[in-house]
Amino acid sequence: MNIRTLISSLMIFVLTGVGLSQTAISDSSTLVLPHTGSQALEFGYSGLFSLSNYIGNTIAIKNFSSPLRATRYILNFSSDGYLLSGPRNEVDYNPIPTDSTIDSSAYDYDSKTTSLDISLSVQWIKYQQPYGNLSLLLGVGPMVGMSHSIRENVIDRRPLTYSGNTQASKSISTSVYLGLAPVVGVEWFLHRNISFHAEYYTLMRAGWRAVNDETAREYSSGDWHESDSDLSGVYYSVRGYARAGVAFYFK
């Protein structure tokens, strides 16, 4: 998601909230903002503005220590999985003019991927003085998490070619990380029990990643070849995401 799309989306959200705050909730007696001791159960979705930036869903508990300060305890989780199957064709072409031989091979190809990412974070949030029922929020806090993914590929030539062999590969990646998550956004207090929010936050993560790659190939002649590698090391990443959601106030 590019920054222009984000800014446009947030401006639409802010202008809509401001307009509604001056019309539907013009009566100050119906405007109920958080107070000291307010609590909320919050649900969020990352990827509303661009599905390519999907990172997962969040569940959070938010406690207000004052009308303009809150602490948010966040559980973020995402899981993906897919299985793809189909034919795969490879062509080897020798461009030398004296040799125009073209060798073509066909395969049955299966690819299976599963992944899971889960993290816990705490954010200390500062609200700006509300404009009607709309308030700008700024926050930051630490996070800890882990991710695990498995990718399996199977290429089977036997049903399609004479030479026939099966190749199977598996890659397993496991990561643990610590990080920091600054956030900026707006929250629209629609009702004493409901609010909506739109945010942009950055995940700054550093951790340890271990990757195991295995490949096995069995030829029809009976020969067997396999490889096994283990890699590990420190990694870091900095990425920005958009998130939108709803909070239900019960105190």
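The values are calculated or read from the model by the stated rules, or taken from the named source; none is laboratory data. Nothing here was measured: the structure is a model prediction, and the numbers come from that model. Note that we place each Cβ from the backbone using ideal geometry, even for glycine, and neighbour counts take in every protein chain shown.
What the table below lists for this structure:
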{"item": "Looking only at the stretch 148-196, and only at residues there that are outside any strand (DSSP E or B) and buried (at least 17 other Cβ atoms within 10 Å of the Cβ), the one that is modelled with the highest pLDDT", "result": "ALA181"}
{"item": "Subset of the stretch 55-68 that is farther than 13 Å from GLY44 by Cβ and surrounded by 15 or more Cβ atoms within 10 Å (Cβ to Cβ) - its residue that is nearest to the chain's Cα centre (by Cα)", "result": "ASN63"}
